[in-house]
Each structure stands twice: as C-alpha cells, then as structure tokens.
Amino acid sequence: MNTPIVEVDVHGMNRYQAQTKIDSILRRSRGVYRIRIIHGYRGGTELRDMIRCEYAKNPLVRRVEPGWNEGITELVLREYLST
C-alpha cells in the first residue's frame, strides 16, 4: 500500500466479515499512517463499538479516533510528521 491513508467501507458486513477485512489491511499496512473505516451508524452501533474496542488493544494501532462524522472511525498507526 502506497497511500498514507487507506479507506475501507464495511457497510453491510457482519462483525466477522468486517474484522477479517480490517485485519487484512492491517497486515499489509506498511507505509500507512491511518486506516479510515466507514462503518455507518444508522443501522446500529455494533460495528462501531467492535472497531473502537477491539482495535484499541491492537499493538499495531497507536490510537483509535472518531471520524469527522458518526459513521467513521480512524485507526492511527503512526503520526504524520511534516518537515
């Protein structure tokens, strides 16, 4: 992956499918600063809660941040330092 921010849409997926997709991206995250996960919010909060809870404990994730809207969560893998 060559982009600093990777976006993944897990709308319509169940918990297992979303976790499998996110884990796959995390394994290939060399050079990535953030993973922006679009999970939605109108269909419930199960995916959002799973992402924010499970990935806060992941050693590859520095921190978990809510996105700029309720249906997005960002996994910060490393800080972007501009010079």
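The test for being touching a residue at least 40 places away in the same chain (Cβ under 8 Å) and either surrounded by fewer than 17 Cβ atoms within 10 Å (Cβ to Cβ) or under 9 Å from the mean Cα position of the chain (by Cα) (or both) holds for I35. Counting only residues that are under 12 Å from the mean Cα position of the chain (by Cα) and without any contact (Cβ under 8 Å) to a residue 12 or more places away in the chain, the range 50-63 holds 2 of them.
Residue by residue, here is whether (1) out of contact with any strand residue (DSSP E or B) (no Cβ under 7 Å at 6 or more places or on another chain); (2) surrounded by 11 or more Cβ atoms within 10 Å (Cβ to Cβ) holds:
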| residue | (1), (2) |
| --- | --- |
| Q19 | yes, yes |
| R30 | yes, no |
| H39 | no, yes |
| L47 | yes, yes |
| K57 | yes, no |
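Number of residues in the range 3-17 that are open to solvent by less than 10 Å² (accessible area, probe 1.4 Å) and assigned to a strand (DSSP E or B): the value is 1. Check the range 66-74 and report whether any residue there is loosely packed, with under 13 Cβ neighbours inside 10 Å and assigned to a loop (DSSP other than H, G, I, E, B). Scanning the range 66-74, I find at least one residue that is loosely packed, with under 13 Cβ neighbours inside 10 Å and assigned to a loop (DSSP other than H, G, I, E, B), so the answer is yes.
The values are calculated or read from the model by the stated rules, or taken from the named source; none is laboratory data. These figures come from a predicted structure and were not determined experimentally. Counting neighbours? That spans all protein chains shown, and the Cβs are built from the backbone with ideal geometry, glycine included. Accessible surface areas use protein heavy atoms only, side chains included; no ligands, DNA or RNA. Shrake-Rupley method; radii C 1.70, N 1.55, O 1.52, S 1.80 Å.
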